[in-house]
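Take a look at the structure below.
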Amino acid sequence: MKAAIIEAPGKISYGEVPDPAPAPDEVVLQVAAAGLCGTDLHILRGEYEAVYPIIPGHEFAGTVVEVGNAVKDVAVGMRATADPNIFCHECAFCRSNKANQCANLQAVGVNRDGAFAEYVRIPRENLYPIGEIPFIEAAFAEPLGCVVLAMQRAQIAPGSDVLLLGAGPMGCLLTQAVSHSGAARLTVVDLSSRRLELARALGATDAVPAGPDQAKRLRELAPDGFDVVIDATGVPAVVEGGFAHLRKRGKYLFFGVCPTGEQIRITPYDVFRNDWQIIGSFALSYTIQESIRWLQSGRVRVAPLISHEIPLSDVAAGLERAQTDPERMKILFLPGS
Ligand SMILES: [Zn+2]
Ligand SMILES: [Zn+2]
C-alpha cells in the first residue's frame, strides 16, 4: 500500500510499504480521510513521545476491509472511526477509570503505524461505528473526543465568562463545546481574522485579534478577568500570558500541546491567593462515543472547519502548509484519491 512515513525527525516520505495484516483481535480499515493534527507536526519535529520510523495519523475514518480471526462481531464493510489510544487494562490508572493515563499507553500514529496510509490496523476494541456520518466529518471524532474529555475535566459552570486562546480547528471545536456547556459569554483570541470570524459563526460572543491591543481589549471585556481561560494554542508564551486574565477562583485549562520540556513562569503566590485551578487534559479517555453522538446530532459542526482536502501523495505539501499558513484550518488527507 501507499503510505506517508516519518523515517526520523524532520524526514517524511511517501511510498510503498507492506499492507498491514490484522492480529486475531484486530481489524483493518481502509482509510477514507485522515486529519492532520498539531501532534503530527510535533512528531515530525521530534517534539513528542513517538517512535521512528512511524506512519503518523491518529484522526481518521474509513471502511472495515479485513477482520482478525478472533473478531466475531464486526462485518467487512462497516463504516467506522477509531480511538487511537490503546490501553493496557491492567495498570493502576486503567483500573481506576483514568485510562488516558495508562502506564503502558500505546497510540495508533504515535508509537504504532497510523492512518496516513491506504490501510490501518487497529484493535477491535478501538473501533467505533459511525453510521451515516460522512467520512470527512467522522475524521473529527478523535479530536472532538479530546474536547469531550476537556469539558468533563473543566466542569464549566453555567453562566461562566470564558476566554479561549486560539481559534484553530481545536479552538473551533472547543468554541462549540463551551457554547453548549452553558457559558454566558465566550471570548476568542486569534491572530487570524478568518479564524475569528469562523469562531463567531460557531458560537463565540466576542472575538479579539491577537496583538498589541489584545490585553487592553480583554480587560475592557472582563475587568476582573474570566472565570475560565482555555489555552488552545500550545504556545508557551501565550499560555503564560493567559494568567493575566484569570479571575479570582478562576480555572485555567491547558488544552494546547506545548513542546515537551518548554517552561513558563507563574507566581505560586498568585495561584494560592486567587484560589486558582490549573487543569490539564490529555487526549481522550473513552470519550469518543459522546463525540460521535455530537457529530451525529449536528450540534457540533465540523464541515466548516475543513480548509483543505489533499491527496495523501501530497503529504509533504500538506505538512508544509500546516506550518506556514496561519489561516489554514483542518487539513484532511484522502488516501484514496
Ligand atoms: Zn490529534
Ligand atoms: Zn493501563
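Descending by average beta-carbon neighbour count within 10 Å, the peptides 194-200, 155-161 line up as 194-200, 155-161, the highest first. Charge dipole of the chain (Cα centre as origin; +1 on each Lys and Arg Cβ, -1 on each Asp and Glu Cβ, all else neutral): 960 debye, rounded to the nearest 20. The antiparallel fraction among DSSP beta bridges confined to the chain stands at about 55%. Solvent exposure of the chain, expressed per residue, is 44 Å² of accessible area, with all protein chains present and a 1.4 angstrom probe. Evaluated with a Cβ-only charge set (Lys, Arg +1; Asp, Glu -1), region 147-280 carries a dipole of roughly 120 debye about its Cα centre, given to the nearest 20.
Relative contact order for the chain: 19 percent, from Cα pairs under 8 Å spaced at least 6 residues apart, divided by residue count. From the largest down, region 147-280 spans 39, 30, 30 angstrom on the principal axes of its Cα atoms. About its Cα centre, the dipole of region 1-147 is roughly 180 debye, where the only charges are +1 on Lys and Arg Cβ and -1 on Asp and Glu Cβ. From most to least packed by mean Cβ count within 10 Å, the peptides 106-114, 92-100 give 106-114, 92-100.
Against the empirical 2.2 N^0.38 Å (N residues), the chain has a Cα radius of gyration ratio of 0.99. For the chain, a Gaussian network of Cα nodes joined below 10 Å ranks Ala138, Ala167, Ala283 by mean-square fluctuation, and the top entry is Ala283. The trypsin sites (Lys or Arg not before Pro) of region 226-287 that meet both conditions, a loop assignment by DSSP and at most 14 other Cβ atoms within 10 Å of the site Cβ, are Arg265.
For Leu164, the residues whose modelled amide H falls within less than 5 Å of its own, excluding neighbours fewer than 5 places apart on the same chain, are Thr187, Val188, Val189, Ile230.
Taking only protein heavy atoms and a 1.4 Å probe, the accessible area of the chain is 50% carbon and sulfur. The distance from the alpha carbon centre of region 109-140 to that of region 209-247 is 35 Å, rounded to a whole number. Reachable aspartates and glutamates from Lys11, Cα under 14 Å, same-chain residues fewer than 8 places away excluded? Cross-link targets: Asp40, Glu47, Glu320. Electrostatic bookkeeping for Glu262 treats Lys and Arg as +1 and Asp and Glu as -1; over the other residues with beta carbon under 15 Å from its beta carbon, the sum is -2.
State the answer as a single residue: which of Gly318, Gln155, Ala210 lies farthest towards the positive end of the charge dipole of the chain, with beta carbon charges of +1 for Lys and Arg and -1 for Asp and Glu, about the Cα centre. Of the listed residues, the answer is Gln155.
The sum of -39500 (n - 2.57) across all DSSP H runs of n ≥ 4, divided by the residue count of the chain, sets its helix-only mean residue ellipticity at 222 nm to -7000 deg cm²/dmol.
The values are calculated or read from the model by the stated rules, or taken from the named source; none is laboratory data. This is a predicted model, so every value here is computed, not measured. Here Cβ is always computed from backbone atoms with ideal geometry, including for glycine, and neighbour counts include all displayed protein chains. What goes into the accessible areas is simple: the full protein's heavy atoms, side chains included, and nothing from ligands, DNA or RNA. Shrake-Rupley method; radii C 1.70, N 1.55, O 1.52, S 1.80 Å.
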